[in-house]
Amino acid sequence: MVQGLIADIGATNARFALVDASGKITQEVILKCGSYPSFAQALRAYIKQRGLDACPKRVALAIAAPILGDEVKMTNHQWGFSQEALKGEFDLEELTVVNDFEAVALAVPGLTDRYLRQIGGGEAVPERNIAVLGPGSGLGTAYLLWQDGRFFSVAGEGQHSTMAARTEREFDIFQHMQTHKYSHVSAERVCSGKGLMNLYDTVRALDDKMDRPALTPEEISQKAQFGNCEICQEVMHLMFRFLGRVASNMVLNVNAYGGVYLAGGILPQILPALEASEFRLEFESKGNFRDYMKAIPAFVITHDYPAFEGLRRLVAKD
């Protein structure tokens, strides 16, 4: 018996699954967002693929967008919808829509060591605040705040906060990006798949190497790891450093003694590069608070669908 339907909707992929009566996640399918004009059509395609007569009555969605009211508009994709209209169109009894990284945050307390890779720091302090972030097509951020004997998930848009430069090279990169492409250089614009391309294109321009070919995020990552492109290597070095900076700021904002958890589609594929990078050095570079930061553990979430675990809790009412 199907208990509900869940979907994790990013800028590139829409991941669907069912939750059975026991709370188990089944029938996972990934659909390309660009193949469907609307989320409703992608949902109908999934229902048809799974041979369902109708959409399950309880649906929980995690979507890469701020959830402010009935109207949902994705940040990095064209999809948008009215929650009430979607509920009526599919005759739903219950529709829950949360930010995608809020769903990831909800999953964190239930993740076992099997799905976690620690990157430095000490032991996570139980029942204390937790920070969650991660680069994919964009960058996501959220918090788990401990209060009154339970965790509360808080979605954020910290990825759009201003990215600060600490070196002359970083300043030159940000100034070039702001002059030639963006009016505002945010964390997302240097800590994501798009960020890798932004950094690569900027370094090409600054170093007068525009004869080098344009590359996708996947190509930049591969060439950096194989060591056959010095621009790609610098770009990956910069992204890890920036990621450590953003993560440490998030930890300080809420005293995240429970640790910082890194999710997203990029990091699990390049774990050795992350571990060998300056991520941790940058994370701990907080002057008088260096010892404070050294104690805070960072974890990479290696679960294929962490948002599903958070959505399962919403559908199953864990």
Cysteines in the chain lacking a second Cys C-beta under 4.7 Å: CYS33, CYS55, CYS191
Per-residue HN-Hα couplings for segment 249-262 [Karplus 6.51, -1.76, 1.60; θ = phi - 60°; Hz; x = Gly/Pro]: 5, 4, 4, 5, 4, 10, 6, 7, 5, x, x, 10, 10, 9
Translational D in µm²/s for segment 188-228 (Stokes-Einstein at 10 °C, 1.306 mPa s, Kirkwood Rh from C-alpha pairs): 153 µm²/s
Alpha carbon centroid spacing (whole Å) that separates segment 51-65 from segment 222-295: 34 Å
Gain in span if fully extended, PHE171 to GLN118, counting 0.36 nm per residue against the direct Cα distance: 16.0 nm
Percent breakdown of C-alpha pair distances by 5 Å bin, ordered from the shortest bin, for segment 162-207: 5, 24, 37, 28, 5
Calculated on alpha-carbon atoms, Rg and Dmax of segment 57-192 in Å: 18.2, 57
Modelled FRET efficiency - R0 22 Å, GLN147 with PHE289, Cβ distances, 0.05 increments: 0.40
Vicinal HN-Hα couplings computed from phi for segment 133-142 (Karplus, 6.51 cos²θ - 1.76 cosθ + 1.60; Hz; Gly/Pro x): 7, x, x, x, 4, x, 10, x, 9, 6
Cα-based Kirkwood hydrodynamic radius, segment 173-247, one decimal, Å: 12.3 Å
Among 214-222, 153-161, the order from most to least packed when residues are scored by Cβ within 10 Å on average: 153-161, 214-222
With Cα atoms, 0 to 90° folded angle of helix 306-316 axis to the chain main axis: 30 degrees
Ordering of 262-271, 137-146 by burial proxy (mean other Cβ atoms within 10 Å per residue, highest first): 137-146, 262-271
In sequence order, calculated HN-Hα J values of segment 172-183 (Karplus, 6.51, -1.76, 1.60; Hz; x Gly/Pro): 4, 5, 5, 5, 5, 4, 6, 6, 9, 9, 10, 7
Partner lysines for LYS286 [C-alpha distance under 21 Å; skip if fewer than 8 residues away on the same chain]: LYS294
Label-point separation, ASN253 to LEU206 (7 Å along Cα→Cβ), nm: 2.5 nm
Nearby aspartates and glutamates by direct alpha-carbon distance to LYS32 (threshold 16 angstrom, same-chain neighbours under 8 apart not counted): ASP8
Rounded to 5, percent antiparallel among DSSP beta bridges of the chain: 65 percent
Segment PHE226-ALA276, extension gain: residue separation times 0.36 nm, minus the distance between their alpha carbons: 16.6 nm
Segment 131-183, accessible surface, carbon-and-sulfur percent (1.4 angstrom probe): 51 percent
Cα pair distances exceeding 18 angstrom across segment 129-234, given as percent: 56 percent
Cα-centre dipole for the chain with unit charges at Cβ (Lys and Arg positive, Asp and Glu negative), debye to 20: 200 debye
Alpha-carbon centroids, segment 197-217 and segment 125-167: separation in whole Å: 30 Å
Convex hull volume per residue in cubic angstrom - Cα atoms of segment 62-111: 92 Å³
Under 14 Å from the Cα of LYS24 - aspartates and glutamates, other chains or at least 8 residues apart: GLU309, ASP318
Sorted peptide list for 104-115, 2-13, 225-236, criterion being average Cβ within 10 angstrom, highest first: 2-13, 104-115, 225-236
Computed [θ] at 222 nm, deg cm²/dmol, the chain (DSSP H ≥ 4; -39,500 (n - 2.57); rounded to nearest 500): -11000 deg cm²/dmol
The chain - convex hull of alpha carbons, volume per residue in Å³: 141 Å³
Coordinate range along principal axes, alpha carbons of segment 1-102, Å, largest first: 34, 25, 25
Segment 190-318 pair-distance distribution - Cα-Cα, 10 Å bins, rounded %: 12, 36, 30, 18, 4, 0
Chain lengthening between ALA45 and ASP304 when straightened (0.36 nm per residue, less Cα-Cα): 91.0 nm
5 Å-binned pair-distance histogram of segment 91-157 (Cα, whole percent): 3, 14, 22, 24, 19, 10, 5, 2, 1, 0
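The values are calculated or read from the model by the stated rules, or taken from the named source; none is laboratory data. Remember, predicted model here, so these are calculated numbers, not experimental data. Note that we place each Cβ from the backbone using ideal geometry, even for glycine, and neighbour counts take in every protein chain shown. Quick note on the areas: whole protein, heavy atoms, side chains included, nothing else; ligands and nucleic acids left out. Shrake-Rupley method; radii C 1.70, N 1.55, O 1.52, S 1.80 Å.
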